[in-house]
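This report refers to the structure that appears directly beneath it.
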Amino acid sequence: WGNYNDLTIKLSQTKREVRNKMSLQHCLVLTVATGAVWMDLRTRRIANEWIITAWIAGLVTQLIRYGAAGAGIFLFGMLFPILALYILFYFHMLGAGDIKLLSAVGGFLGVPAILKCMIVSFLSGAVLSIGIILVCGNLPQRLTKFFQLFPNLFYQKKIPEKKQSRFPITM
């Protein structure tokens, strides 16, 4: 029974730690993300003022949590998505608003957590995209377009013009 009690104590401590981790920082991240989704759905863009406000809130949150070291955590978390995703922006595969939003969230979370967030976001987007393609029935057209993209990029150094999507939500 000694091991069982120790395990019960550890589990209750773990639950308490999880509850404590859903802190103001996480509530702010959810608020920033929800606000950005709302703006994107309504206007098809995320206002720079919203991102700047999120950066300031992220910096203040990190400074409160970690003191002076929080500025470094904020800076690396904010810059990581910009540097990691710039190539996708350059080739018109990802919008600036998406990168700015990930940058703002990265300022709150730091590099390890924003990397996990980016991976989950891309996998979720892939699943949603596959679902949309299957529902619309345009898989052959999409595959043709995908395989034509790379010769244009690498051999002709030509980036195709971005066309307006039939869907109001960009993915």
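The values are calculated or read from the model by the stated rules, or taken from the named source; none is laboratory data. The structure presented is a predicted model; accordingly, all values stated were derived computationally and were not measured. Positions of Cβ are backbone-derived with ideal geometry, glycine not excepted, and every protein chain shown enters the neighbour counts.
Going by the conditions given, is ILE119 among the β-branched types (Val, Ile, Thr) and at pLDDT below 90?
Numbers: among the β-branched types (Val, Ile, Thr): yes; at pLDDT below 90: no.
So ILE119 does not fit the description; no.
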Residue set PHE80, PHE89; condition of a type in the set (Phe, Trp, Tyr) and under 26 Å from SER23 (Cβ atoms); output residue PHE80
Just checking, how many residues over region 37-52 are more than 17 Å from the chain's Cα centre (by Cα) and not basic (Lys, Arg)?
2
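Yes/no matrix, rows are residues, columns are (1) more than 30 Å from LEU149 (Cα to Cα); (2) touching a Phe, Trp or Tyr at 6+ places or on another chain (Cβ under 9 Å):
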| residue | (1), (2) |
| --- | --- |
| THR31 | yes, no |
| ILE73 | yes, yes |
| PRO81 | no, no |
| SER103 | no, yes |
| ILE119 | no, no |
| SER124 | no, no |
